[in-house]
Amino acid sequence: MPTDNNAFTVSGGVEVPAPLPGTLWTVGAVILNADGAAFAQKRSPDRRLFPDTWDIVGGHVEAGEPLLHALAREVEEETGWRLRHVRRFLGTSTWTGNDGAGPRREADYLVEVEGDLSSPALEWSKHSAYDWFTLGGLDRLKENRAPGEFLIHDLIARALRDHRAGR
């Protein structure tokens, strides 16, 4: 659990949706390294939701938890890094998992973190690998996904293109 959820800054104009009570929300973080590559981790094959697929850092928002605090918590829990700055809101999406919990809304952000980016402290019980992805190597993000289920691929591709364009 993060030691101080308020230790990060947020760029002006970053949208933060206000979840309605009773709705399921998740958050996601696209993290870029100094070379402009995006971090992704591979979910373990025994995971109930989206087994053996690539994912960005993120997870479920707890009831009453502010979205950006959930984002900071998930970054630290899944990588050991600390959220330093929320640069940009990448948008929301709606998805339904295969766990019967119904539809979820997801708010995704481009963020900056602090910590040793060459050595994330993955939750190895939940993730089996990690890598840094550039525009030329994004096809691996489609592994074990059905056609049309390329949310992570498309999100990272958009973030990388926008970053390259200076946005």
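Observations, loosely collected:
- Residues being touching a residue at least 24 places away in the same chain (Cβ under 8 Å) and open to solvent by less than 70 Å² (accessible area, probe 1.4 Å) - total across region 120-141: 12
- Single residue of region 143-162 satisfying the filter (touching a residue at least 60 places away in the same chain (Cβ under 8 Å) and more than 16 Å from the chain's Cα centre (by Cα)) that is surrounded by the fewest Cβ atoms within 10 Å (Cβ to Cβ): Glu143
This table checks each residue for (1) modelled with pLDDT of 95 or more; (2) in a loop (DSSP other than H, G, I, E, B); (3) in contact with a Gly (Cβ under 6 Å, 6 or more places away or on another chain).
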{"position": "Pro19", "(1), (2), (3)": "no, yes, no"}
{"position": "Ala29", "(1), (2), (3)": "yes, no, yes"}
{"position": "Ala34", "(1), (2), (3)": "no, yes, no"}
{"position": "Gln41", "(1), (2), (3)": "yes, no, no"}
{"position": "Ala63", "(1), (2), (3)": "no, yes, no"}
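- Residue match in region 48-57 (condition: under 20 Å from Tyr130 (Cα atoms), open to solvent by less than 30 Å² (accessible area, probe 1.4 Å), without any contact (Cβ under 8 Å) to a residue 40 or more places away in the chain and part of a strand (DSSP E or B)): yes
- Residues of region 63-76 that turn out to be under 15 Å from Glu106 (Cβ atoms) and open to solvent by 10 Å² or more (accessible area, probe 1.4 Å), as a count: 3
- Residues in region 17-41 that are open to solvent by 30 Å² or more (accessible area, probe 1.4 Å) and either farther than 18 Å from Gly115 by Cβ or touching a strand residue (DSSP E or B) at 6+ places or on another chain (Cβ under 7 Å) (or both): Ala18, Pro19, Leu20, Pro21, Gly22, Thr23, Leu24, Asn33.
- A count restricted to region 105-118 and to residues that are assigned to a loop (DSSP other than H, G, I, E, B) and either free of Cβ contacts under 8 Å to residues at least 24 places away in the same chain or more than 19 Å from Lys42 (Cβ to Cβ) (or both) stands at 3.
- Among residues of region 77-99, those that are open to solvent by 40 Å² or more (accessible area, probe 1.4 Å), assigned to a loop (DSSP other than H, G, I, E, B) and either touching a Gly at 6+ places or on another chain (Cβ under 9 Å) or closer than 15 Å to Phe39 by Cα (or both), counted: 1
The values are calculated or read from the model by the stated rules, or taken from the named source; none is laboratory data. Values in this document were obtained by computation on a predicted structure and should not be read as measured data. Here Cβ is always computed from backbone atoms with ideal geometry, including for glycine, and neighbour counts include all displayed protein chains. Heavy atoms of the whole protein, side chains included, go into the accessibility calculation; ligands, DNA and RNA do not. Shrake-Rupley method; radii C 1.70, N 1.55, O 1.52, S 1.80 Å.
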